[in-house]
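S.K.: Sending over a structure as structure tokens; questions will come in a sec.
The values are calculated or read from the model by the stated rules, or taken from the named source; none is laboratory data. Bear in mind that the values here come from a model prediction, so they are computed numbers and not experimental data. For neighbour counting, all protein chains shown are included, and Cβ atoms are generated from backbone atoms with ideal geometry for every residue, glycine included.
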Protein chains: 2
Amino acid sequence: MRLHRSALAALTFWTCASVAEPLPQDWVDQARAIGYEAANSNIAYSVVESLTTEVGPRLAGTEAEARARDWAVSELTKLGFDSVTVEPFEVPLWERHIERGRIVAPGEQPLVLVGLGGSASTGDAGVKGAILRVESPEALQALADGSAKGKIVFVDQVMARTQDGAGYSAAVRKRRETGEQAYRLGAVGALIRSVGTSGHRFAHTGQMKRAGTSDLPVVPTAAVSGADADQLGRLLDRHDSVEVELVLTSEYLPAAQSGNVVAEIKGRTRPDEVVIIGAHLDSWDLGTGALDDGAGVGVVVAAAKALMDAMPEGPDRTLRVVLFGAEEVGLVGAKAYAQKHQADLDNIVLAFESDFGAGDIWRLDHGVADDALPLIKSMTAMLSPWGVIPGKPGATGGPDISVLAQAGVPVITPLQNGWDYFDYHHTPDDTLDKLERHSLDQNVGVYAAILSVALREGVYFK
Amino acid sequence: MRLHRSALAALTFWTCASVAEPLPQDWVDQARAIGYEAANSNIAYSVVESLTTEVGPRLAGTEAEARARDWAVSELTKLGFDSVTVEPFEVPLWERHIERGRIVAPGEQPLVLVGLGGSASTGDAGVKGAILRVESPEALQALADGSAKGKIVFVDQVMARTQDGAGYSAAVRKRRETGEQAYRLGAVGALIRSVGTSGHRFAHTGQMKRAGTSDLPVVPTAAVSGADADQLGRLLDRHDSVEVELVLTSEYLPAAQSGNVVAEIKGRTRPDEVVIIGAHLDSWDLGTGALDDGAGVGVVVAAAKALMDAMPEGPDRTLRVVLFGAEEVGLVGAKAYAQKHQADLDNIVLAFESDFGAGDIWRLDHGVADDALPLIKSMTAMLSPWGVIPGKPGATGGPDISVLAQAGVPVITPLQNGWDYFDYHHTPDDTLDKLERHSLDQNVGVYAAILSVALREGVYFK
Ligand SMILES: [Zn+2]
Ligand SMILES: [Zn+2]
Ligand SMILES: [Zn+2]
Ligand SMILES: [Zn+2]
């Protein structure tokens, strides 16, 4: 059976859509035409340009994120969605204040670093200690309780650059666990080599297990840039002791306002059956979140608008665009969405999202019922003009959508090329000029083509 | 005559060294052999690695610059120079403290900026004002006295990327003059689009006319990154008023310690005739000064060491390596050197320096007597294996050496490829990983080959 399927997949790949059932050729033609048209609109870029310019950074729970919701409501209403709603929820708010680090011995040198979201505060006086370097989270975990007393732990693990994001999945444990592990060891602070691949001197932030919400307390924890991690490594090679001072102050508010923005194009014949496309509205506080996740917002809004224009009478099913709040700080918006709509999750035919930058989509991963695999194959073949190849099962649909996937909603992941995404991700360098417009447009085309099929009544993924 | 010369130059270029007089072929062969050998040593890289690792940033007048002098004395002594001397002088010291900027209206957004060296301080309270954008220093100068009262002036001129550094020469006026022009206009502060070409979110510092030493007082002045300048531009396109807040605090000390480090290989037959090669030891405070000017230090030290090894009995003339202090803040070390050695400047046969990063040398510019032009042509032909083409007259030898050139010393500029130098120059991103080792080695080869000719008795450039 497995053999049979992979033979079929190969056939599909090499011989194009005609052998792949069950999509009728006229559906394929229409989907492609809608996709081409969608890719030619300039809407995605102008959406990202507007969001990143008018709002800029939009950390979950801040006034800036509230402005992003206002922006979204205004833009989506202008674009002609049938309904635009804000669904509020609360989120813990962690805000950085002073962040400063320097090597104090053997000679004074500044460090480029950034606090991790949820880090404990050092207070204005800061902390000082000798560096204890380990190569990995595993090596850190293997150390005995109290064995880094008074020191500053430094987890110097290098992240692999990969097309599919596998390097990130492997590296993110370091960001999540170092703070609490360092506490267990008795350290006064912790540093990690940034979870990122930038060859420039940027530190990458991101959420760690949060002070007060983790099983263990955490120490003040920051990420240093790759160049600074290299510098620490060279100094540790030369000197018995390298001392560092960290001043990382921050403020923690347990319950601030956030919200999801939900816009719908009502289905004509099956209004209760819903296809969801998502992206997140919040960003980290350093860059303007052009790639993470302004690009996703642009792609899903532009794709939805293309469907609206291609089907003035409305699609069969309802298309729901969800711009999640508070993704970065722990999928808080996605969880709030799933809880609020718990009773209706069965009506979601398919959900997918865009939250991996603006690189070309090259693979269609999926988390659907076995019965829907021929449909996925056929849809993949339909996407071949955009260079999409057959993907893998077990997809979770992306960070926010994974919450729905866990609740049994069928999902797909139109996988983007993430080769350089982590050069910018969670740094001040995530700004508008990094968008590859041609790739952004390719994404819009693929999303619109997929939607034109998924919104047809009778097409099921479970 | 002009025609004749350029015809000769063309001949030289196409037919190689044999037609170019007056260098004997065995000199050319020896120079090339010494150059090849020099380029194969790993000394330049290990010098830069050591300086940038052990000392890191080394702002003129600071304890870090003093450490750099100690480092240089120790390294040059270890390498076997006949004498290593520190020649002290005083330099004004400007140090940045807090630097923070944000857009406050129409909506709050942080700015990536950095104070310019010599900027006035805003005090802890900062300054706030509406942006007045102009396109160029010329447009700024054209405004009437008092016409930017209470505003923050923003000079949004884009720097051209060029191979030969011409874009920098054109852009640097903006950095020098904006602070005092803004004062004349009654502004409370000033911003410039960074003098630089980085496509990443770095602001570039550099010296402006210094508070207290300029004809006019200056306002607090900072450079914003290219992305932030773009963002301000887009907001100004959309809104009548864009307000910015700047907190730029700094401290000014009129007389701190600096010094030049001078190392010599004594001449055997003509010890009083001197060839100088220079670089600067100080750097800005943000990066580790790997390209500006760690690379130059590496090149001249490695080239001198290659000569030492190739001529165990010593060269005819004295080779003097000058590692200037306090270049960045106004060629203070170069001026101190020229003053101290005023009586001996006539004995300098030739002077050149390396202070333009680590790109390949591609052209040999010159500022020598007309009688020496055939020699320059011949030397250029000698350098053809390294891809060097005939250069232009009127060269000043580089920033520090220009002070000697003005005093009548013959100079050359082995011009480096500066295509991406200003991506890193004066930013935190000027770190060791940016060095192209192959190009660094090419520089060492060219320097060593030139030296092997210039150190011969009887070879004159004036
Ligand atoms: Zn994201
Ligand atoms: Zn993110
Ligand atoms: Zn320089
Ligand atoms: Zn410089």
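S.K.: Search the stretch A:81-121 for residues being more than 16 Å from A:M208 (Cα to Cα) and of a type in the set (S, T, N, Q), and hand back the single one that is nearest to the other protein chains (Cβ to nearest Cβ).
M.R.: A:Q109
S.K.: Sticking with this structure for a sec: Pairs only if they're at least six apart or on different chains, beta carbon under 7 angstrom, first in the stretch A:8-37 and of a type in the set (D, E, K, R), second modelled with pLDDT of 95 or more; list them, first residue then second.
M.R.: If the second residue must be modelled with pLDDT of 95 or more, the pairs left are A:E21/A:P374; A:E21/A:S378; A:R32/A:M382; A:R32/A:P385; A:R32/A:A449; A:E37/A:A306; A:E37/A:A310.
S.K.: So in the stretch B:308-334, with the set limited to residues that are within 16 Å of ligand 4 (Cβ to nearest atom) and outside any loop (DSSP other than H, G, I, E, B), which one is nearest to the other protein chains (Cβ to nearest Cβ)?
M.R.: If we take residues in the stretch B:308-334 being within 16 Å of ligand 4 (Cβ to nearest atom) and outside any loop (DSSP other than H, G, I, E, B), then B:L323 is nearest to the other protein chains (Cβ to nearest Cβ).
S.K.: A:L248 is checked against (1) farther than 23 Å from B:S46 by Cβ; (2) surrounded by fewer than 24 Cβ atoms within 10 Å (Cβ to Cβ); (3) touching a Pro at 6+ places or on another chain (Cβ under 7 Å) and fails just one. What number does that condition carry?
M.R.: Result: A:L248 passes all but (2).
S.K.: A:V274: within 17 Å of the chain's Cα centre (by Cα) and more than 16 Å from ligand 2 (Cβ to nearest atom), yes or no?
M.R.: When the stated conditions are applied, A:V274 does not pass them.
S.K.: Quick one: A:G418 ticks every box in (1) within 16 Å of ligand 2 (Cβ to nearest atom); (2) surrounded by fewer than 23 Cβ atoms within 10 Å (Cβ to Cβ); (3) within 14 Å of chain B (Cβ to nearest Cβ) bar one, so which box is it?
M.R.: (3)
S.K.: Related question: Residue check, A:L364 against (1) under 15 Å from the mean Cα position of the chain (by Cα); (2) surrounded by 22 or more Cβ atoms within 10 Å (Cβ to Cβ); (3) within 22 Å of A:A166 (Cα to Cα), all met but one. Which one?
M.R.: The number of the failed condition is (1).
S.K.: Within the group B:E327, B:E264, which residue is modelled with pLDDT of 95 or more, away from ligand 1 (no atom under 16 Å from the Cβ) and within 15 Å of B:T85 (Cβ to Cβ)?
M.R.: When all the criteria are applied, what remains is B:E264.
S.K.: Working only within the stretch A:448-460, note down all residues that are surrounded by fewer than 23 Cβ atoms within 10 Å (Cβ to Cβ) and within 15 Å of A:P374 (Cα to Cα).
M.R.: A:V453, A:G458, A:V459, A:Y460, listed by residue number.
A quick yes/no check of all residues on (1) more than 16 Å from ligand 3 (Cβ to nearest atom); (2) among the polar types (S, T, N, Q); (3) away from chain A (no Cβ under 14 Å):
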site	(1), (2), (3)
B:G294	no, no, no
B:K340	yes, no, yes
B:N347	yes, yes, yes
B:S354	no, yes, yes
B:G357	no, no, yes
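S.K.: Pick from B:D285, B:D237: which is in contact (Cβ under 8 Å) with a residue 24 or more places away in the chain and either away from ligand 2 (no atom under 16 Å from the Cβ) or over 16 Å from B:S354 (Cα atoms) (or both)?
M.R.: B:D285
S.K.: Within the group B:A279, B:A303, which residue is in contact with a strand residue (DSSP E or B) (Cβ under 7 Å, 6 or more places away or on another chain), more than 14 Å from chain A (Cβ to nearest Cβ), part of a strand (DSSP E or B) and closer than 22 Å to B:S402 by Cα?
M.R.: That would be B:A279, the only listed residue that is in contact with a strand residue (DSSP E or B) (Cβ under 7 Å, 6 or more places away or on another chain), more than 14 Å from chain A (Cβ to nearest Cβ), part of a strand (DSSP E or B) and closer than 22 Å to B:S402 by Cα.
S.K.: Can we say A:P390 is over 30 Å from B:S225 (Cα atoms) and away from ligand 1 (no atom under 15 Å from the Cβ)?
M.R.: yes
S.K.: Oh, and also: Return yes or no: is A:T249 in the same structural domain as A:H425 (by TED's automatic domain parsing) and either among the β-branched types (V, I, T) or at pLDDT below 95 (or both)?
M.R.: No, not satisfied.
S.K.: Within the group B:L132, B:L111, B:L59, which residue is within 23 Å of B:A256 (Cβ to Cβ), modelled with pLDDT of 95 or more and among the aliphatic types (A, V, I, L, M)?
M.R.: B:L59
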